[in-house]
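Quick notes on the structure that follows.
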Amino acid sequence: MTKKVLVLTGGGDCPGLNAVIRGISKRARKQKEWEVYGSIDAFNGILKEPQHIIKITRKIAAGIHVKGGTILKTTNKDNPIKFPTQQPDGTIVFTDRSDELVRKIKALNFDAVINIGGDGSQKISKILFEKGVPIIGVPKTIDNDLSATDMTFGFQTAVQIATDSFDKLVTTAESHHRVMIMEVMGRDAGWIALHTAIAGGAEICLIPEIPYDVNKLVKRIALRYKKGKGFANIVIAEGAMPKEGSITAIPGEKGSEHVRLGGVAFQLSKQLKDAGCPAEIRETVLGHVQRGGSPLAYDRILATLFGVKAFEMILAKEFGRMVSFKNNTITSVTLGEAIKDYNFVSKDSYLVQASRGLGISFGD
Ligand code: F6P
């Protein structure tokens, strides 16, 4: 008898999503009775009328591991547990559509669901599992902020893009005797910034986990100019903040539960000027470039292995769990463990210690 698995991608797009889909599809093909389907725009493909579900055939999955984004499309707004609906007066009302979703998944006769997404998506997976959906989570985020896995796919690609951009900014810093500030993504975690600072050779790295003192930064820059270097490069994470004060965050799109970060590079530039930094300063906000394009080989491999593992977990009926990469092996954790803690940069970690050893200032 034919069995059916439904795959979907939720949250922000991320290099490697298509490699997971292809990994699932290729592994499933070895079990003759299984067919793979995809819900378009995360759970919206099931919730909306008419539904939008595609069959992921061999042809559709062929060669997609090299492509960025997700062939299944995605959304980081339409959470089925808190589904936003715009009212005639423009206000948004949130409703819990999880029971409707469970009913629809059952009516479509899916034997398993694979939900590829970050912490928000895995919270949804857990609720659906508790309501009887045989679901498996696959972790995804360029931010690398999930504690239940040592690494998420997309992170290495984001770090490489940020490092390549940083290298290009060093050129201008050196030539113009400037301070160049480069802002990277990561939300509340400083992983992308820290890795880029080490790979690119930044003088200053500012991350959310270590609030900075702007006066210390001015002194550090002054010392570098005094020593004859005559330029400085700063990497700042979008969630980094000064010891005193807060950062710019704007509300997300209508219906989004998230605030939008972005712009701290300009804020820092002003703070440095106000605190008396005499150097010429320029700011670059990298933004979504970090999530775009083809995944690096590392992320393709990790994502592919995650896809294969997710399907094998279906065969083993290991539902209610999320695939994870721990201690150099692909394993799994319960969805409860998956969403319990975030993975933040620890001030006491060797990564931070070694960065300080290299002379990188965190402004603290
Ligand atoms: O979580 C991934 C991420 O790229 C964050 O680093 C960033 O803050 C956020 O998503 C941006 O989201 P959006 O695409 O909705 O602007």
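Rule-based calculations on the coordinates, nothing more; no lab input. Since this is a predicted model, take the numbers as computed values, not measurements. FYI the Cβ positions are ideal-geometry reconstructions off the backbone, even for glycines, and counts take in every protein chain you see.
Placing +1 on the Cβ of every Lys and Arg and -1 on the Cβ of every Asp and Glu, with nothing else charged, gives segment 156-292 a dipole about its Cα centre of roughly 480 debye.
Comparing 349, 121, 246 in a Gaussian network model of the chain, where Cα atoms under 10 Å apart are tied by springs, the biggest mean-square fluctuation is seen for 349. For the chain, modelled as a GNM whose springs connect Cα atoms under 10 angstrom apart, the maximal fluctuation among 324, 175, 332 occurs at 175. Once a ≥ b ≥ c are taken as the square roots of the eigenvalues of the Cα gyration tensor of the chain, is the result rounded (a/c under 1.5), prolate (a/b larger than b/c) or oblate (a/b not larger than b/c)? Prolate, because a/c is 1.5 or more and a/b exceeds b/c. Nearest 10 degrees, 0 to 90: what angle lies between the long axis of helix 264-274 and the longest principal axis of the chain (Cα atoms)? The angle comes out at about 20 degrees. Annotation for residue 347 and residue 176: the two label points, set 7 Å from Cα along the Cα-Cβ direction, are 3.5 nm apart. Footprinting exposure proxy ranking of 341, 213, 119, fewest other C-beta atoms within 10 angstrom first, gives 341, 213, 119. DSSP bridge analysis restricted to segment 156-292 gives an antiparallel fraction near 15%, rounded to the nearest 5. Can you give me the angle between helix 119-130 and the longest principal axis of the chain, using Cα atoms only, in degrees from 0 to 90, rounded to the nearest 10? Long axis of 119-130 versus the principal axis of the chain: about 30 degrees. The length gained by stretching the chain between residue 62 and residue 244 to full extension, at 0.36 nm per residue less their Cα-Cα distance, is 60.3 nm. A Förster radius of 25 Å combined with the Cβ-Cβ distance from residue 131 to residue 87 puts the calculated FRET efficiency at roughly 0.40.
Near the amide H of residue 361, within less than 5 Å, lie the amide hydrogens of 204, 205, all on another chain or at least 5 residues away, with H placed in the peptide plane. Given the options 160, 86, 271, state which has the largest fluctuation in a GNM of the chain using a 10 Å cut-off (strictly under) for Cα springs. Evaluated over the chain, the most mobile residue of the options is 86.
Cβ-to-Cβ counts within 10 Å put 345, 333 in ascending order as 333, 345, the fewest first. The phi torsions of segment 352-364, fed into the Karplus equation with coefficients 6.51, -1.76 and 1.60 and a -60° offset, translate into couplings of 6, 4, 5, 4, 4, x, 7, x, 6, 9, 9, x, 9 Hz, rounded to whole numbers, with Gly and Pro shown as x. Applying both filters, DSSP loop and at most 15 other Cβ atoms within 10 Å, to the trypsin sites (Lys or Arg not before Pro) of segment 275-343 gives 317. This model, with +1 at the C-beta of Lys and Arg and -1 at the C-beta of Asp and Glu, gives the chain a dipole about its Cα centre of some 1020 debye. Shown for 205, 277, 14: other C-beta atoms within 10 Å of each C-beta, ranked fewest to most, produce the order 277, 205, 14.
Antiparallel versus total DSSP beta bridges in the chain: what percent is that, nearest 5?
Restricted to the chain, the bridges split so that about 35 percent are antiparallel.
Entry note, the chain: relative contact order of 23 percent, from Cα contacts under 8 Å with a spacing of 6+ residues. Principal-axis analysis of the Cα atoms of the chain puts helix 17-29 at an angle of about 30° to the longest axis.
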